[in-house]
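S.K.: Pasting a structure here, questions to come.
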Amino acid sequence: MKQNIKTRSICLCCALSLAAVVGRAQSQGTAGGANSINTPRPFDPGSNTTNPSALAVQAQNPYLGSVPTGPVVPGILPLGLHDSVLRALRANLGLIDTEKDHAQARAARMRALSSLLPQLTADSAQTYQNLVENSIGLNVTTPAYNFQTAHVNISQRLLDVPASHEVAAARKNVEASSAEFADARNIVVLAATSSYLLVAAGQVRLDTARAQLATAVATEHLVRDRVTHQVSPQIEGIRAEVVRRSAEQRLAIAVANYEKDKLALTRIIGLPLAQEFRLTDGLTYTPAPDQSLDDLTAVVENQRQDIRAAIARVGEAVQNVKAQSAERLPTVDIRASAGETGFNYSRSIADYQVGARISVPLFTGRRIESDVLTAKAALERREAELADIQARAIYDVRTAMLDLKASETSVEVAVDNVTLAQEGLRQARDRFENGVTNSVELVQAQQDVAEAEDNRIASIYSHSLAKLMLIRATGTAEANYLTYLGVR
């Protein structure tokens, strides 16, 4: 059995999972503000970033695509987080690809097993023949004649050690593909939930942009009134108009990004692109369950399916080495056939044949040695991959915990900043209305509120993502995503 060294698209060590890099969730806000806080590692499903360790990015990521199922539902479809995940587990392209790989692995095992089972065939033949004079050393002339045969044939390899090891290798291949399929389900859960939360964050950001526009319009009316009554100079009105137009611009960008995030979600979960929907679960802050590093490490050892797949791949490689080494051993086959032969089937005579063969390789031109060396190299590669995945699993857990702690602090600071910025805006408005200050202070206070509110949204989203990355790192995303996100 040839060594299968195909890169698996769902293994954390050799391809992709779902990633954490700075994306649109942070860049959608106002950059460079005094109150902005860099929240840790948002997720952008539109940028094809799908590795928890941010080590692998692929131009065409199957986990960000799907096979759309079902017709467009009239009206607006209510869509919950759990419903989105269920849809993704049915239609996501990455999971479909992995499922077909698993089916191919099972088929390969069946084919390997067939070499150890008896092979039974039946045949019937009509033969026309003549013997030319002296062609067989006899001075005779035989006219053309015909005869018919019908036989049942059976062959069985009694001793084939390489084939036995190939069957064992195929069994390990099935175990690995089964674990990879389970790991793919966790990746799909991460993709669907991350995209859903990004849409929820976009909805909050959109509502905030509308509220900020309403505030800017009200401020502009106030300033214009003061300019009209010559209480304030004309430049105050210009500043207010700039603020209002900037708010309109932010709203337009928020609408565009929100719609694009919705389209990305439909691609991941398999909704038709024309389907209108509204989210029934919003973006909320829920503290993560308190777990120690030792507890999470124990969970990793039992739940990480990519580790199980890597262990099975090592077992497969071991069996391939044994299979190639066993090519030096003899093989024993038996063949038998039974049937009838005659001028026609009504005048036939029963006949049979039984034979055995033993084959011993004496010289193969170092082919076997070459195959053994190749199999051993593949085994060493699989062992190195297993060691790397085991170390990376702990790395993923540690980095996820660091991100979680940082995001919790970010949320606390961002919430306080919103409260302080709103109080500053209130005081600035009072000072402006009482003529104590000009519109510059009022405009700056409005800008501070906008930045603080945008950072609060990004921080809450980042905290939710950090919790998702933690359960992804432990291999329990599918089982625990509702609990960690506080969705009932």
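S.K.: Using a 1.4 Å probe on the protein chains only, how many percent of the accessible area of segment 202-310 belongs to carbon and sulfur?
M.R.: Result for segment 202-310: 54 percent of the exposed heavy-atom area is carbon or sulfur.
S.K.: Moving to a separate point now. Hey, any idea what % of segment 86-128's accessible area is carbon plus sulfur with a 1.4 Å probe?
M.R.: In segment 86-128, the share of accessible area belonging to carbon and sulfur is 57 percent.
S.K.: Kirkwood hydrodynamic radius, computed over distinct alpha-carbon pairs, for segment 398-488: how many Å, to one decimal?
M.R.: 15.0
S.K.: May I pose another question? Whole-Hz Karplus ³J(HN,Hα) for segment 270-283, in order, using 6.51 cos²θ - 1.76 cosθ + 1.60 and θ = phi - 60°, x for Gly and Pro?
M.R.: x, 7, x, 5, 7, 6, 8, 8, 10, 7, 9, 10, x, 8
S.K.: Next up: So for the pair residue 69, residue 431, with labels modelled 7 Å out along Cα→Cβ, what separation do we get in nm?
M.R.: Those two pseudo-labels are separated by 6.0 nm.
S.K.: Simple spin-label model, 7 Å along Cα-to-Cβ: residue 302 to residue 290 in nm?
M.R.: 2.2
S.K.: How would 262, 405, 172 line up by accessible area, probe 1.4 Å, largest first?
M.R.: Of 262, 405, 172, the descending order of accessible area is 405, 172, 262.
S.K.: If you place +1 on the Cβ of every Lys and Arg and -1 on the Cβ of every Asp and Glu, how big does the dipole about the Cα centre of segment 318-447 come out, in debye to the nearest 20?
M.R.: It works out to roughly 940 debye.
S.K.: Rounded to the nearest 10 Å², what accessible area does residue 370 have for a 1.4 Å probe in the complete protein model?
M.R.: Approximately 60 Å² for this residue.
S.K.: In terms of solvent-accessible area of protein heavy atoms at a 1.4 angstrom probe, what is the ranking of 469, 401, 110, highest value first?
M.R.: Solvent-accessible surface, decreasing: 110, 401, 469.
S.K.: Also, quick follow-up: From the phi of every residue in segment 227-236, what ³J(HN,Hα) in whole Hz does the Karplus formula 6.51 cos²θ - 1.76 cosθ + 1.60 yield, where θ is phi - 60° and glycine or proline is x?
M.R.: Values per residue, Gly and Pro as x: 5, 4, 8, 6, 7, 10, x, 4, 4, 5 Hz.
S.K.: If you don't mind, another one. Using only the alpha carbon atoms of segment 206-255, find the Kirkwood hydrodynamic radius as the inverse mean reciprocal pair distance, in angstroms to one decimal.
M.R.: With all distinct Cα pairs of segment 206-255 included, I get 11.0 Å.
S.K.: No solvent, one uniform scatterer per C-alpha: report log10 I(q)/I(0) for segment 278-321 via the Debye equation at q = 0.22, 0.26 1/Å, two decimals.
M.R.: Relative scattering, expressed as log10 I(q)/I(0), comes to -0.82, -0.90.
S.K.: Also: Testing the spin-label approximation: label points 7 Å from Cα along Cα→Cβ at residue 156 and residue 444. State their distance in nm.
M.R.: 9.4
S.K.: Could you please tell me the mean projected area of the C-alpha convex hull for segment 306-453, averaged over all directions and given in square nanometres to one decimal?
M.R.: 23.5
S.K.: Taking 0.36 nm per residue of sequence separation and subtracting the Cα-Cα distance, how much length would be gained by fully extending the chain between residue 391 and residue 409, in nm to one decimal?
M.R.: 3.7 nm
S.K.: In addition: Using a 1.4 angstrom probe on the protein heavy atoms only, could you order 425, 482, 263 from most to least accessible area?
M.R.: Ranked from most to least accessible, the order is 263, 482, 425.
S.K.: For segment 367-433, what is the largest minus smallest coordinate of the Cα atoms on each principal axis, given in angstrom and ordered from greatest to least?
M.R.: Result, largest extent first: 92, 19, 7 Å.
S.K.: Further, regarding this structure: At 1.4 Å probe radius, can you tell me the per residue accessible area of segment 267-354 in Å²?
M.R.: Computed with neighbouring chains in place, this is 55 Å² per residue.
S.K.: Quick one: length gained pulling residue 235 to residue 349 fully straight, 0.36 nm per residue minus the C-alpha distance?
M.R.: 29.4 nm
The values are calculated or read from the model by the stated rules, or taken from the named source; none is laboratory data. Values in this document were obtained by computation on a predicted structure and should not be read as measured data. Note that each Cβ is placed from the backbone with ideal geometry, even for glycine, and that neighbours are counted across all protein chains shown. Protein only, heavy atoms only, side chains kept; ligands, DNA and RNA dropped before computing areas. Shrake-Rupley method; radii C 1.70, N 1.55, O 1.52, S 1.80 Å.
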